[in-house]
Protein chains: 4
Amino acid sequence: MRVGFIGLGAMGQTMAQHLVKAGHEVRVWNRTPARARPLVAAGATLAKTVAAACDEAAVVFSMLADDAALIDAVSGGDNEPGIIDALGEGDVHVSLATIGTELSARLTQAHAESGQHFVAAPVFGRPEAATAARLTIVAAGDDAALARVQPLLEVMGQKVILLGADPPAASLVKLTGNFLIASMIEALAEAYALLRRNGIDPKQFLEIVNGNLFRSPIYEGYGTLMAERQFTPPGFKLALGLKDVRLLLASADRAAVPMPLGSLVYEHLLSAVARGKGDLDWTALALVVAEDAGIADG
Amino acid sequence: MRVGFIGLGAMGQTMAQHLVKAGHEVRVWNRTPARARPLVAAGATLAKTVAAACDEAAVVFSMLADDAALIDAVSGGDNEPGIIDALGEGDVHVSLATIGTELSARLTQAHAESGQHFVAAPVFGRPEAATAARLTIVAAGDDAALARVQPLLEVMGQKVILLGADPPAASLVKLTGNFLIASMIEALAEAYALLRRNGIDPKQFLEIVNGNLFRSPIYEGYGTLMAERQFTPPGFKLALGLKDVRLLLASADRAAVPMPLGSLVYEHLLSAVARGKGDLDWTALALVVAEDAGIADG
Amino acid sequence: MRVGFIGLGAMGQTMAQHLVKAGHEVRVWNRTPARARPLVAAGATLAKTVAAACDEAAVVFSMLADDAALIDAVSGGDNEPGIIDALGEGDVHVSLATIGTELSARLTQAHAESGQHFVAAPVFGRPEAATAARLTIVAAGDDAALARVQPLLEVMGQKVILLGADPPAASLVKLTGNFLIASMIEALAEAYALLRRNGIDPKQFLEIVNGNLFRSPIYEGYGTLMAERQFTPPGFKLALGLKDVRLLLASADRAAVPMPLGSLVYEHLLSAVARGKGDLDWTALALVVAEDAGIADG
Amino acid sequence: MRVGFIGLGAMGQTMAQHLVKAGHEVRVWNRTPARARPLVAAGATLAKTVAAACDEAAVVFSMLADDAALIDAVSGGDNEPGIIDALGEGDVHVSLATIGTELSARLTQAHAESGQHFVAAPVFGRPEAATAARLTIVAAGDDAALARVQPLLEVMGQKVILLGADPPAASLVKLTGNFLIASMIEALAEAYALLRRNGIDPKQFLEIVNGNLFRSPIYEGYGTLMAERQFTPPGFKLALGLKDVRLLLASADRAAVPMPLGSLVYEHLLSAVARGKGDLDWTALALVVAEDAGIADG
């Protein structure tokens, strides 16, 4: 099938590769075209514009981390047409990024007004999981659109979960999942600060608690990075984690749901950005917690 | 071996049973003697006093949830001798309960002053795990004492982890582990309130997030109880959970470690107690979070 | 001078009256025209459209509580021209409402692009103070505009403080001032809950602490309302207080300043709205705090 | 009248001076006797022991900041008799310090068991106010005792408020009053960080908000110190402020009243101590808030 792919960051690049390898005709676009090289080498075509990537594609994927970039790509600007202009009636735009529920609703409506379909299909997993096609993808959109994109999503992820007709629901599930991870990071950060101040090795603690109680690969992974204070290179940038928690709180605000733990995680991530740590991995939230406990080297 | 066992609550009763079944000569004591019946039926001896339970026992276990009860049992009172009076030189007192680090240190010193040994050996696991002898036990105390009690602990738990010579360290590891669970409950409570307000089923969310990401039996167990709002009978009483978080914060205070998530969980548990929910399972913290979001039926 | 006045809520109505009484030719507009009657009786002219209120007025005031209403009034819509269309070059739009710094910046730019001036002139004080012309007004805008509007502002307020050329600065000062009041309400709410649970009368406490220590009319006023649990009629609606704290946190987010007390107040106000208390006075935040302490009647 | 005075810190020294000047026969005791010199010069007698200071005194005042020191002075130790041993039946011990409600209750009971009276009479005001005899004193104890000590308290304070027969009530009112001040410091600290990040001078803000709205000498005093970042010499040491908030939270815990703002202030003060700022004035809480916002020089 001919598909377009907009946005070739760490995640997008790997996911587009899976589509190419599965034999699809993939036209890729990225703000910095150089990042497309490995894909072109593998058989993708480099599009010079967003519209060119959409050309004659019945399905276009986007993986753009930042709302403004996504809005630009969808709506176009100046004399540059966007996805919505370039897609034909009945075509599908699948956003793989973590976006807010409000934007998810707006895109749903905007595509519907052009007779097109919008699918929110955020992914769970870090770049290593994307490379191994072990992502979990949660997709929501109307039935016809889901039916068409499901086989493509299955090329990129190990598991594709269809969540129904309402794209913002998929966006919310993803934001809420990230919130659980962020909460776990906060809890581990506070636990480690307390243990270190008492001369107990966080690694030994992790072994006891995760080895016997939680038995979770995600505690294992994050907990080990944090015990080793290895915050770079970032698997997921702290500034992006902050963005996601901010979007979560915006959804909570609209639903009148106080989320004090959401606020706490938000404040610590914001403080990390204020202290110049926005480009570290988001586990570097632990540095803020440690500094607040007077632990100088984090 | 002849051992004493003080405190026959849900956990203590089951753990003492394992000792009896393993062929040890167990003398049990409980404030309400009726609770000793199943143990006596299995071959234990009912002691009329704490001192009688300790008589000629080289090792005495205690499983007393509440600090005051433990202090009474150790120090005795009025004309009633306590564990410390009844044990001989070189004997060992093993506390299986979750106690504060300050009390742990005090008991260590008090037994040492009488030429005895104190081992803090708190257990991870709920009553079902105790029945199945699948508990994890984290023990700290001096080498000689640990060597003597390890075989007994292995009768009660699936895994015994020796943490070194300092009993308060084991107490702190246990309190910190409970804090991680409490934090997970708080995070799930906030997540569920948000999802419910948006018409998304918490169970479906749990399946997605735990099934693919966390893959943790503890998220599965707690998350399901919370999704089904099944807060009674309590696996672990909310009022006891509050007590443990209070002890954690006391340790954090002494170490000058701010734990804002610890405080948040504490406040929600305290609010639950203030609202008359102290006898529910500690996952009922979710009722406070839901009520704060205007969800009337929790 | 001929002036326009857009928005006749409790505050706007009284402020416009002062302009009429001072002899100015005031054209008023309100979504619900009936609210203009007392003003028309006093000599104001009722304008049928926003544009008509602006007609030939060199200065137009707006007092619109809600951002969307203000944006509509400024930009117009459908075939309805807005303030920006109706004002001529060199004319001034003065917003008296509490607005966000982002909107303040946008309006500054929008008016500048039309050769007009924008002045942010938020007011401190409740309706009684407005009636008595005892408001404090903090105004920012370019020098020429300030010079022109200052005499008009002095008709409405007891004190007019010029804050410089940057309208968002005035908006931020107002939001921050409201934050101080909200923080005081939160502190009193927690204090009262603790005292009541201990059988101490909050009124007696207030007398001691404010009478001798704070000696502040604002503690006296708010503290008395709260001690008497008199939350209606609202002097300032809780839902509007929530809006202001939300705007404050948006400014804090852009500046990367964590404001945990801001978040706490926000969550309590949001919870109050979720529990159906949005139309009470914002001191009703105390009901949330009391309910969290299990005090059933607030 | 012959009175004893135990504890000659900054506050105690000045208060004892007022008693001497009023013509009372004052016997003073302090751990470091050198601090008694100015009092002896003024006519007081230096007692070598706590008991000697109590000798033949019908009323003994204590002003000891720290619970342990107060308990030692009351109960004595080793071969050293304490206040309770030295006072006769019907005599009165007045504690002027800020103490916890639990200790207040314990001392009430202990003195009652010896046929003596305990009065909790904490004072509001900083050392300057003590010097000028402008303190406010809130006293609780049984009627007979209050009647006897009231004239003495009136020598030291501008205003003496009798709160009834229950000493812990006076202690709680004092702790709660301190909590209001701490909350105000937290609110100002967050406000200032936000303003500074936006290029607005905190002093100008203070002038606007306190000059027109709060009109409170306490906002003026604390707000100016904070705007000028003048945290030394301390009027009230941060570590003592932390102690008081800790005592407040202990009372709130016993009453099952969640105080999230209390916890927030506590965490910031604890973080300040962890960062080595415990000896600064307690307004230095602002340094923690500023550092969290990435403002390096506080």
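We did not get these values from a lab; they are worked out from the coordinates using the rules stated. Keep in mind that what you see is a predicted model, and the values were worked out from it rather than measured. With ideal geometry, Cβ positions are generated from the backbone for all residues, glycine too; neighbour counts draw on all protein chains shown.
What sits nearest the axis between copies D and B, counting only chain D Cβ atoms, is the residue and whole-Å distance D:263, 2. The mean number of partner chain beta-carbon atoms within 10 angstrom of a residue's beta-carbon across peptide A:166-176 is 4. When +1 charges are put on Lys and Arg Cβ atoms and -1 charges on Asp and Glu Cβ atoms, the dipole computed for the range C:215-265 relative to its Cα centre reaches about 100 debye. With R₀ set to 30 Å, the beta-carbon distance separating residue B:128 from residue B:32 gives a calculated FRET efficiency near 0.85. For the range D:163-243, the percent of C-alpha pairs falling in each 5 Å distance bin, counted from 0 to the bin holding the largest distance, reads 3, 13, 21, 22, 15, 12, 7, 4, 2, 1, 0. Here chain D yields Rg over Rh of 1.01, to two decimals, using C-alpha coordinates and the Kirkwood radius. The sum of -39500 (n - 2.57) across all DSSP H runs of n ≥ 4, divided by the residue count of chain B, sets its helix-only mean residue ellipticity at 222 nm to -16000 deg cm²/dmol. For residue A:22, the point set 7 Å out from Cα toward Cβ sits 5.4, 6.9, 8.8 nm from its twins in the other copies, listed from shortest up.
Selection among C:34, C:49, C:90 by position relative to the dipole of the range C:34-102 gives C:34 as farthest towards the positive end (Cβ unit charges, Cα centre). Note on the range D:186-298: dipole from Cβ charges, positive end direction compared against D:273, D:216, D:251; the farthest Cα belongs to D:251. Along its principal axes, the range C:1-84 has C-alpha extents of 34, 26, 17 angstrom, given from the largest down.
Evaluated on the protein assembly as shown, the Kirkwood hydrodynamic radius is 33.2 Å, with distances taken between all distinct Cα atoms. Rounded to the nearest 0.05, what FRET efficiency do residue C:158 and residue C:25 have when you use their Cβ-Cβ distance and R0 = 30 Å? After rounding to 0.05, the efficiency reads 0.80. If you plug the beta carbon distance of residue A:56 and residue C:49 into 1/(1 + (r/R0)^6) with R0 = 41 Å, you get a FRET efficiency near 0.25. Qualifying GluC sites (Glu not before Pro) in the range A:193-246, where qualification requires a DSSP coil assignment and no more than 14 other C-beta atoms within 10 Å, comprise A:228.
With its label point put 7 Å out from Cα toward Cβ, residue C:80 sits 3.6, 7.8, 8.0 nm from the same residue's point in the other copies, in order from shortest. Of the beta bridges in chain B, as assigned by DSSP with both residues counted there, near 15 percent are antiparallel.
On the principal axes of its alpha carbon atoms, the range D:139-296 extends 58, 33, 28 Å, with the longest extent given first. Find which of B:163, B:8, B:65 sits farthest along the positive direction of the dipole of chain B, computed with +1 on the beta-carbon of Lys and Arg, -1 on that of Asp and Glu, about the Cα centre. It is B:8, whose Cα lies furthest towards the positive end.
Taking Cβ atoms as reference points and 12 Å as the exclusive limit, the residues near residue C:97 contribute a net charge of -1, counting Lys and Arg as +1 and Asp and Glu as -1. Put the Cα centre of the range A:36-115 next to the Cα centre of the range D:195-258 and the gap is 51 Å.
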